[in-house]
1. Applying the selection to segment B:151-162, what residues are open to solvent by 20 Å² or more (accessible area, probe 1.4 Å) and over 17 Å from B:Asp139 (Cβ atoms)?
2. Which numbered condition in (1) within 14 Å of another protein chain (Cβ to nearest Cβ); (2) assigned to a loop (DSSP other than H, G, I, E, B) is the only one that B:Gly279 fails?
3. Among the listed residues B:Thr85, B:Thr95, identify the single one that is surrounded by fewer than 18 Cβ atoms within 10 Å (Cβ to Cβ), in a strand (DSSP E or B) and of a type in the set (Ser, Thr, Tyr).
4. Return the pair list, or none, for Cβ contacts closer than 8 Å from residues in segment A:67-91 that are facing another protein chain (nearest Cβ under 8 Å) and under 18 Å from A:Ala56 (Cα atoms) to residues that are modelled with pLDDT under 95 and part of a helix (DSSP H, G or I), at least 6 apart or on different chains.
5. Considering each residue of segment B:103-115, count those that are away from chain A (no Cβ under 11 Å) and either outside any loop (DSSP other than H, G, I, E, B) or more than 13 Å from B:Leu156 (Cα to Cα) (or both), and give that number.
6. Six or more apart or on different chains, Cβ atoms under 6 Å: show the pairs whose first residue is in segment B:35-63 and more than 14 Å from every other protein chain (Cβ to nearest Cβ) and without any contact (Cβ under 8 Å) to a residue 60 or more places away in the chain and whose second is open to solvent by 10 Å² or more (accessible area, probe 1.4 Å) and of a type in the set (A, V, I, L, M).
7. If I ask for residues that are β-branched (Val, Ile, Thr) and open to solvent by less than 20 Å² (accessible area, probe 1.4 Å), which ones from segment B:362-392 would you list?
Amino acid sequence: MKKNIALITALLIATGICTVNAAEIHPQRQAELLYLLKHDCGSCHGMRLEGGLGPALTAKRLAPYGIEFLALTIVQGRPGTPMPPWRPFITDPEAYWLAGQLKQGVNQ
Amino acid sequence: MRFLRYLLMASAFYSAQASAECLTRGTGDMGIIIERAAGSVQVVDRSTHQALFRVEGLGDLSHASAVYSRDERYAYVFGRDGGLTKVDILCGKITHRVVQGGNSIGGAISQDGSLIAVSNYEPGGVKIFSSQDLTLVADIPATAVNSEKRAKTVGLVDAPDQRFVFSLYDTGETWVVDMTDPAKPQIQKNLNVGKLPYDGLITRDGRYYIAGLFGQDGLALLDLWHPEKGTRLILQDYGKGEQKLPVYKMPHLEGWAMAGNRAFLPGVGHHQVLVVERGDWNPVGKISVHGQPVFVMARPDGRQIWVNFAFPDNDTIQVIDTESLKVIKTLKPGKGALHMEFAPRGEEVWISIRDKDEIQVYDTRSLELIHSLPVDKPSGIFFTSRAHTTGL
């Protein structure tokens, strides 16, 4: 698992997703993303992100994962699980910003 | 001095208000609406389209659901955070509340009304309580997935002969629990019913239990007249060769939509409603709809099917005519159209519009909006007529 995370992270760095600057996300869009996180991601992960049919997204549980890995999971989904790709609705920089929020413990 | 007297009077008046008297009326045209973000419920009057009480302090109500006592006076509300709350809807207050698990997904009331079963994700299993005072009667742990985790339980319903039926998400099982003797639950386990059952439903007559499968095509059907025969897969060829779309919200199977001899089901990963003939359970058609269906619900007379959709199409409701199998109306009630509840005789349907903080009431004959009422981030709507319906 750890090996996979490192590998995917390396790939991400190679493809340039890590170079985004979170400051580019407009505050209004940030609010929209947090609303989406609470209500739409929340339909599987729980409105308080403490888990449901999908796993919890608390800072504690996400501690072993890097921001890049989480951002990739958001935009590409997780094949073989119910986690869908959010790419049609969330850009790479937005996913990166959202992953950062999750790592910091949004809603906690 | 005069001011002090005023204060005393005011506080006396206030406390009289605070301990508002209980209503003296029937509850047959009442219901509750979940305010998912605030952790409260509104008690409503179906006839006047008004709120009667707001009851607070029910915890995390995202994905909350409710069942009713057979006298239609008490609602049992199942919260996401494991909270089970008994609400007296005539007095607008909580009578009992327990936090019975860490993470839950709904429940059911037994045929005789004496037991409340709750389905838990964490720790995986089902717990059964006395409907009187919510004391624990039975604890039924699910199959272990590894040394730390047990399977999540989903699709819990009540069934005739004092039984409960539910499925195990991680291990693909359907269990039937006979609670005839509450001290000795009899469990019949059906293994390998299919991959990742995510929800279940029971037909109105209580005969068939069907688990929707996320991990493969098809659904797992159990005939409760013959549980010894085990489950069988139906519709396993559905969607073969078609690209499945990403699913942004799991469908719900609670509202068993039957019209005549036909059942209407959400097509997982497809912009379709499936039509199935009851009995042999073969598909008779697919209806193309606006998005991926979440709830597919029949008007009680079976003449119409109302469908809402997963993100990003959750601003739309479509109405299907069950005779022609055509979409006859597309409504745009607002973003976050999460749940629908029909009046028991079907003349109205109430719809939760999350992002507008309101409930919209539609006349099902004219398909027009006739009322709306303010509710904070509404989700589930539950009318008391559910008290007398198997599976609700």
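The values are calculated or read from the model by the stated rules, or taken from the named source; none is laboratory data. Computed from a predicted model, the values in this text were never measured in an experiment. Every residue, glycine among them, receives a Cβ derived from its backbone with ideal geometry; neighbour counts consider all protein chains shown. Heads up: the accessible areas ignore ligands, DNA and RNA and are worked out on the full protein's heavy atoms, side chains in. Shrake-Rupley method; radii C 1.70, N 1.55, O 1.52, S 1.80 Å.
1. Residues satisfying the conditions are B:Pro160, B:Asp161, B:Gln162.
2. (1)
3. Unique residue meeting the criteria: B:Thr95.
4. So the pair list comes out as A:Pro82/A:Cys44.
5. So the answer is 9.
6. So the pair list comes out as B:Val43/B:Leu52; B:Asp45/B:Leu52.
7. B:Thr364, B:Val375, B:Ile381, B:Thr384
So that you can scan it fast, the table gives a plain yes or no per residue for (1) in contact (Cβ under 8 Å) with a residue 40 or more places away in the chain; (2) in contact with an Asp or Glu (Cβ under 9 Å, 6 or more places away or on another chain):
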position: B:Leu201; (1), (2): yes, yes
position: B:Asp205; (1), (2): yes, no
position: B:Gly218; (1), (2): no, yes
position: B:Leu222; (1), (2): yes, no
position: B:Trp225; (1), (2): no, no
position: B:Lys229; (1), (2): no, yes
position: B:Tyr238; (1), (2): yes, yes
position: B:Val247; (1), (2): yes, no
